Each structure stands twice: as structure tokens, then as C-alpha cells.
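Mind looking over this structure? Questions follow.
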Amino acid sequence: MKRIFAVLLLAFSSPVFSCSFAPMTQEFEITGEEAEAPERPNFELKSIKRGFYDGNGGSCSDAGMITLKNISKNSRDVGYKFSIVEGAFEDTIFGDNPIVPSNFVEESEFTFIWFDGHTDEQEPFEITIEITPVSKSGSTGESARLIVAHPGVEKPWWKIW
């Protein structure tokens, strides 16, 4: 019995399950209260981090991250819907509901995480993101578009395996 318990303990204590992130965004609550139509947003690309292999299957090194910064007037009374309108992306990165940054990140930054793969080689991508502001009443304002591109990462010349 002790051996079975030891085997089960080793099997289910694998570091594979150890990767986690604090929530980067949270759902925007539409209350239905009166609100003016939100202004057209102005976002810029702050950073793109691509996944890689660090030798540890339980780390988060295989996560890719795109961080967008809202450089227009910030307000917690406006949420944003993000969608890909041009280009193809390897994973679902945006949900259907409007969001705001979570309390764990900068008030003007939206970070989106996807499984990019734990390899040293990453394919290029170019997408156009449509960003639509949503007020507390649920009304939407004029959308903005932002092109997000990454040239990819080639396998290092010295890696032959």
C-alpha cells in the first residue's frame, strides 16, 4: 500500500501543473446605467514576448504575451472588446465580452497570453486588431484598429537537434 501511495504521489506531483499567471484582465460590467457613447480609443503596442523552451516543463516559458497600452484618456467606466479582423493567429487570444485591466496590472495595459509553444523556433505573425469601446450602458463607440506583428524566431544556428 505504501508503494502504491508513493507512486501516486510522484505521478501527481509533477511540475507540469505548476505554471499559472495572475489574471491580466477582468470582465467589464455593463450595468445599463446612462452613459455617453465612449470615445474612439487610441492604443499602441507595448511589447510582444514569444514562448521558448527553458528545459523545465513546469515553467511558463512557453507562454506568449502581447501587451497593448491604452494611450487615450483612461476610465474604468469604459470596457473594450478586442477582435482579430485581418490575419491569422495560432490560438484564441480574445474573448467575446468587453474587458478592463485587472487590479494586478497597470490601469492602461491589456496583456493577452497564449500558448506559443516551448520551442526555440517561432513562426512570424501579423494581425490587425479591432478595439471597440463599450460604455456602462452597453453602447459602443467608434472602433480603432492596431496592427500587431512579430518577425518570428529562427532556430539558433548552433542547435542541430
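Testing Asp116 on (1) touching a residue at least 40 places away in the same chain (Cβ under 8 Å); (2) open to solvent by 30 Å² or more (accessible area, probe 1.4 Å); (3) among the acidic types (Asp, Glu), one condition comes back false. Which one is that?
Of everything listed in (1) touching a residue at least 40 places away in the same chain (Cβ under 8 Å); (2) open to solvent by 30 Å² or more (accessible area, probe 1.4 Å); (3) among the acidic types (Asp, Glu), Asp116 misses just condition (2).
Quick one: how many residues across the stretch 70-101 are under 19 Å from Thr31 (Cβ atoms) and touching a residue at least 40 places away in the same chain (Cβ under 8 Å)?
10
What pairs come up if the first residue lies in the stretch 127-150 and is open to solvent by 30 Å² or more (accessible area, probe 1.4 Å), the second is hydroxyl-bearing (Ser, Thr, Tyr), and their beta carbons are under 7 Å apart, counting only those six or more places apart or on different chains?
So the pair list comes out as Glu130/Ser83; Glu130/Ser143; Lys136/Thr31; Thr140/Thr132; Ser143/Thr132; Arg145/Thr128; Ile147/Thr128.
Given the residues Thr132, Thr128, which is the only one that is in a strand (DSSP E or B), of a type in the set (Val, Ile, Thr), closer than 19 Å to Ser47 by Cβ and touching a Lys or Arg at 6+ places or on another chain (Cβ under 8 Å)?
Answer to the check: Thr128.
For the stretch 64-79, which positions are touching a Ser or Thr at 6+ places or on another chain (Cβ under 7 Å) and among the hydroxyl-bearing types (Ser, Thr, Tyr)?
Result: Thr67, single match.
Continuing with this model, one more query. Give the residue that is surrounded by the fewest Cβ atoms within 10 Å (Cβ to Cβ), with candidates limited to residues of the stretch 31-78 that are in contact with a Lys or Arg (Cβ under 7 Å, 6 or more places away or on another chain) and not in a loop (DSSP other than H, G, I, E, B).
Here the answer is Glu44.
The values are calculated or read from the model by the stated rules, or taken from the named source; none is laboratory data. This structure is a prediction, so every number in the text was calculated from the model and none was measured. Please note: Cβ atoms are built from the backbone with ideal geometry, for glycine as well, and neighbour counts cover all protein chains shown. Heads up: the accessible areas ignore ligands, DNA and RNA and are worked out on the full protein's heavy atoms, side chains in. Shrake-Rupley method; radii C 1.70, N 1.55, O 1.52, S 1.80 Å.
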